[in-house]
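Reviewing the structure listed below.
The values are calculated or read from the model by the stated rules, or taken from the named source; none is laboratory data. Here the structure is a predicted model, which means the values were calculated and not measured. In this analysis, Cβ positions are derived from the backbone assuming ideal geometry, glycine residues included, and neighbour counts consider all displayed protein chains. Surface accessibility is based on the protein's heavy atoms, side chains included, excluding ligands, DNA and RNA. Shrake-Rupley method; radii C 1.70, N 1.55, O 1.52, S 1.80 Å.
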Number of protein chains: 2
Amino acid sequence: MDLNKFFKAKNIAIVGVSKDPKKVGHVIFRNLIDGSFRGNIFLVNPNAYQILNKHVYKSLNDIQNEIELAIIAVPAKFVLNILKDCGKKKIENVVIISSGFKEIGNEKLENDVRELADKLKIKIIGVNCLGTFDAYTKLDSMFIPRYRLKRPKPGGISFISQSGAVGSAILDLTTSQNYGISKFISYGNATNVDESDILDYLGEDKETKVICMYLEGVRDGKKFLKIAKKVSKIKPIIAIKAGITEEGTKAVISHTGTLAGNSQVYYAAFKQANIINADSLEEMFNFARILEKTIIPKGDKIQIITNGGGYGILTADSVIKNNLKLAKLDKKNELLLKKQMPDIVIIGNPIDLVGDATTERYRVAIETCLNDNNVDVILLIVLYQTPLIDTTILDIITEANDLKKKPIIVVSTGGEFTDVLKRSLEDNNIANFTFPDEAVKAVKALVDYYMRK
Amino acid sequence: MDLNKFFKAKNIAIVGVSKDPKKVGHVIFRNLIDGSFRGNIFLVNPNAYQILNKHVYKSLNDIQNEIELAIIAVPAKFVLNILKDCGKKKIENVVIISSGFKEIGNEKLENDVRELADKLKIKIIGVNCLGTFDAYTKLDSMFIPRYRLKRPKPGGISFISQSGAVGSAILDLTTSQNYGISKFISYGNATNVDESDILDYLGEDKETKVICMYLEGVRDGKKFLKIAKKVSKIKPIIAIKAGITEEGTKAVISHTGTLAGNSQVYYAAFKQANIINADSLEEMFNFARILEKTIIPKGDKIQIITNGGGYGILTADSVIKNNLKLAKLDKKNELLLKKQMPDIVIIGNPIDLVGDATTERYRVAIETCLNDNNVDVILLIVLYQTPLIDTTILDIITEANDLKKKPIIVVSTGGEFTDVLKRSLEDNNIANFTFPDEAVKAVKALVDYYMRK
């Protein structure tokens, strides 16, 4: 389904904008201005003349320009009338923020909205949704003020969320973690555009490199499976299924009225469609971080390089626990490393460059591993606390990564100094983790996806 | 074993201090000054007169004052002579940073050091260690500059680490995460003070509320088990065992020459001694955060309160997956809540205060759960992105927590705005987590520890 105008529209209308800065329509307008949206915004409200110095139209039909997208934030009872106006004005894409439909038992109104929209060939994101966001165009229909929910920088991760709260909290977190986001979609009641339609669209979207989904249930299982199979051949899909226990399922029913379904059925479907299952939000977050980078591993043999012995051991344990393999360096390369390193360095897996590791030791070790055919992924532990590491380590890692020979994943634990260096690596498209275990689990997701593909 | 002077000495000597700011002794001296250590520092180096405007003694025996602790940072070959000086000067506590002993195969020298120290009744932290730190006195023998490894604020978590790298990285992280630390000990080769001696000491230490241990192996299993059993009756011990797979075990041997032992034996011992096992550094970190607070749960029945439906479902799933129970509110309280809340609020477990939750809804829900005998632990999800929550929520949570009736754990995901509010709660002794799953796992560790005790 072509949903492009939801993200790339040039002329948009906000219907139900108010003078009151707390009201949803006003917040959306404000966000678009503050976020430097470059398109043209048209405001609609029969009872206002001007808001923030901008003219307000009485109705959509008073606008002379063509409108590609309408954001509707009026009380539920007015939605049908606004949709009729959209039909007259030939607006094909609407985001309906308004709530008060099937989620509170008002099935009839929701069905009427769907029938009318279908008849008028209008695509609805919503009803009862948080909105949408595009980090490239800054087209932003989310009704949460920017001071409460900062907007992330442009990047390759797109996020589809059945829950507005989950979506917004994660989106907010991505910003402080320096993730790059392509598109965010909270689809609410999925009145006539559902999770599968959005997945289909994001599969084709050039700006999206990896798709994350928070699902409570799927409306049409067959449709979802068919589309997911197709999309996962093009790019990775990471999904978290909420309501996997009996108790969680009960909560799903109270929450959105969705049939949560048997979790085993979901897991089987995920496997069949090569969807990466995340067991927690944190996992989804970590998997997205690693899968957004596009260097494809040739296999599951991991080489650990470390300047902290203990970290090396914990990581080796984790590699085995997660059913990955520890690489065994080519004899020739082992000898080459031994020749270039002081005796105290331990050549094996982990390669332990020890506490007085210099940046040069890292350079030699990384180069050798990049050239060793027995190594598929390099897991690089860099504890920036040790005194002989200088900041040229960033250049060394970045330049090695730029060769795009093998995935290089970095683990660093620390405080402010570490954080600055981590952010710098992230800016250069390198995945960083704080703890060995989370890095290894993410590598496992990466390797599994490409080995199954 | 009384190790108090390692942390509370007033007069300390640094032996092997140098004019070169990169050298270990110099860094330690510098850290003590920059960290505002209040005691008296005496410098020893036969080849220097003054360093940073401070007089340098030729030898320990030239110092007139009594010295309670010596920090030794001289090449390994000089250590025996310095120890003899310590004997003459009646110094009973020494930290030996110097490396070059059994870790590089020099067993003989290490044995000589042990025998001499035992004869002179000198307790050694080290050899080959990173040093020690006390957040209350700022007595700091760690040789990593403060700009690379920030020192944490005073608090209740003490940390024993066989690996300097693991210890320093975690310590650095605690600072940026606003954890409070009591004592940190990197014990290196455990020449005559081992992990069990330190554990014993921390068990008695009033400033330590929870003990974290990173272990590659234990020197004396029986001694460890006996002491751990005693200490865990007083306060929680969280341990992470490195080298639990065959591959990890090999790495342990290369790292410290410790016999890693069979991991099953360790796990059995942990269970017997009610030591909380952490499967990863992240878990250790999260468990410490929750166990440092001293509110004891009466049982394993968890009540979830949320303003995000999806978060509630994920948390309910996690409670069940982690073998905890979802509380069932007393009928009377259920009715009371229904009366006080708008219809849209879902009273159950989770209690879903929904996206337009006000601070007042939280107040009513928390109060009711605190008074309900079916609830043992309150898991409070607060997504600060939603518009009607104002910052008085902090007062409400803090005041409820101050009653010390039940543990209240908060989950909030977000960016800068969220982080500010989280830190404020942490300052008021409330454990905060980013994701539901990590919070629930930490609650599980908390409940298990007290139910077994």
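Quick rundown of the values:
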| quantity | calculated |
| --- | --- |
| Cα-based convex hull volume of chain A per residue, rounded to whole Å³ | 141 |
| Computed over the protein assembly as shown, the ratio Rg/Rh where both radii use C-alpha atoms and Rh is Kirkwood | 1.01 |
| Karplus-derived HN-Hα couplings along segment A:105-116 (A = 6.51, B = -1.76, C = 1.60, θ = phi - 60°), whole Hz, x at Gly and Pro | x, 8, 4, 4, 5, 5, 4, 4, 4, 4, 4, 5 |
| Cα centroid separation, segment A:277-291 to segment A:132-172 (Å) | 17 |
| Inter-chain Cβ neighbour average for residues B:168-179, partner chain, 10 Å | 5 |
| Around A:Leu120: net Lys/Arg minus Asp/Glu count, Cβ-Cβ under 14 Å | +3 |
| More than 26 Å apart - percent of Cα-Cα pairs taken over segment B:42-160 | 25 |
| Under-5 Å amide H pairs with A:Ile125, H placed in peptide plane, nonlocal only | A:Val94, A:Val95, A:Ile96 |
| At R0 = 35 Å, FRET efficiency that the Cβ-Cβ distance of A:Asn111 and A:Lys10 yields, to 0.05 | 0.60 |
| Long pairs among B:Lys19/B:Lys150; A:Lys10/A:Lys88; B:Lys10/B:Lys121, criterion Cα-Cα beyond 25 Å | none |
| Under DSSP loop assignment and at most 15 Cβ neighbours within 10 Å, longest chymotrypsin sites (Phe, Trp or Tyr not before Pro)-free interval of chain A | A:148-453 |
| Environment charge of A:Asn61, counting only residues whose C-beta is closer than 13 Å and scoring Lys/Arg +1, Asp/Glu -1 | +2 |
| Residues in segment B:196-244 that, when all protein chains are in place, have 40 Å² or more less accessible area than the chain alone would give (probe 1.4 Å) | B:Ile244 |
| Cα gyration tensor, segment A:97-185 - rounded (a/c under 1.5), prolate or oblate | prolate |
| Crossing angle, helix B:416-427 versus chain B [Cα axis fit, 0-90 degrees, rounded to tens] | 70 |
| Cα centroid of segment A:204-243 to Cα centroid of segment A:100-128, whole Å | 23 |
| Label zone at A:Asn47, where the point sits 7 Å out along the Cα-to-Cβ direction: segment A:10-36 residues whose backbone N lies under 19 Å | A:14-29 |
| Cα gyration tensor shape of segment A:77-129, rounded if a/c is under 1.5, else prolate or oblate by comparing a/b with b/c | prolate |
| Between 0 and 90°, nearest 10: helix B:195-204 axis offset from chain B longest Cα axis | 60 |
| Helix B:281-291 axis, angle to chain B major axis (alpha carbon atoms, nearest 10°) | 70 |
| Antiparallel content of DSSP bridges confined to segment B:1-129, in %, to 5 | 10 |
| Ranked order, B:Thr434, B:Thr174 - accessible area, probe 1.4 Å, largest first | B:Thr434, B:Thr174 |
| Under-5 Å amide H pairs with B:Phe433, H placed in peptide plane, nonlocal only | B:Val410, B:Val411, B:Ser412 |
| All aspartates and glutamates inside 12 Å of A:Lys119 as judged from Cα atoms, apart from same-chain residues fewer than 8 positions distant | A:Glu92 |
| Kirkwood Rh and Cα Rg combined as Rg/Rh, segment A:152-293 | 0.93 |
| Accessible-area order (highest first, 1.4 angstrom probe) of the listed residues A:His55, A:His26 | A:His55, A:His26 |
| C-alpha center-to-center spacing [segment A:1-33, segment B:349-386] in angstrom | 32 |
| Whole-angstrom Cα spans of segment B:231-386 along principal axes, big to small | 65, 33, 23 |
| Subset of A:Lys54/A:Lys84; A:Lys328/A:Lys406; B:Lys229/B:Lys444; A:Lys229/A:Lys422; A:Lys77/A:Lys226 violating a 27 Å alpha-carbon distance limit | A:Lys229/A:Lys422; A:Lys77/A:Lys226 |
| Label point 7 Å beyond Cα of A:Lys22 along Cβ direction - residues of segment A:143-173 with amide nitrogen under 20 Å | A:143-149 |
| Cα pair distances in segment B:299-452, grouped into 5 Å bins until the bin that holds the longest one, percent each | 2, 10, 21, 24, 24, 14, 5, 1, 0 |
| Estimated inter-spin distance, A:Glu399 and B:Lys119, nm [label 7 Å along Cα→Cβ] | 5.4 |
| Entries of B:Lys209/B:Lys298; B:Lys241/B:Lys453; B:Lys235/B:Lys331; B:Lys5/B:Lys209 with Cα pairs more than 27 Å apart | B:Lys235/B:Lys331 |
| J(HN,Hα) series, segment B:42-53, from Karplus relation 6.51 cos²θ - 1.76 cosθ + 1.60, nearest Hz, glycine and proline x | 10, 9, 10, 6, x, 10, 9, 9, 8, 9, 6, 6 |
| Debye log10 I(q)/I(0) at q = 0.19, 0.28, 0.34 Å⁻¹ for segment A:10-51, Cα point scatterers | -0.50, -1.03, -1.28 |
| DSSP bridge orientation in chain A - percent antiparallel, rounded to nearest 5 | 15 |
| Segment B:343-414 - Kirkwood radius from inverse mean 1/r over Cα pairs (Å) | 12.6 |
| Accessible-area value, A:Asp200, 1.4 Å probe, nucleic acids and ligands omitted, Å² | 30 |
| Chain B: calculated mean residue ellipticity at 222 nm from DSSP helix runs of at least 4, using -39500 (n - 2.57) | -12500 deg cm²/dmol |
| Whether segment A:1-101 is rounded, prolate or oblate, judged on the alpha carbon gyration tensor where a/c under 1.5 counts as rounded | rounded |
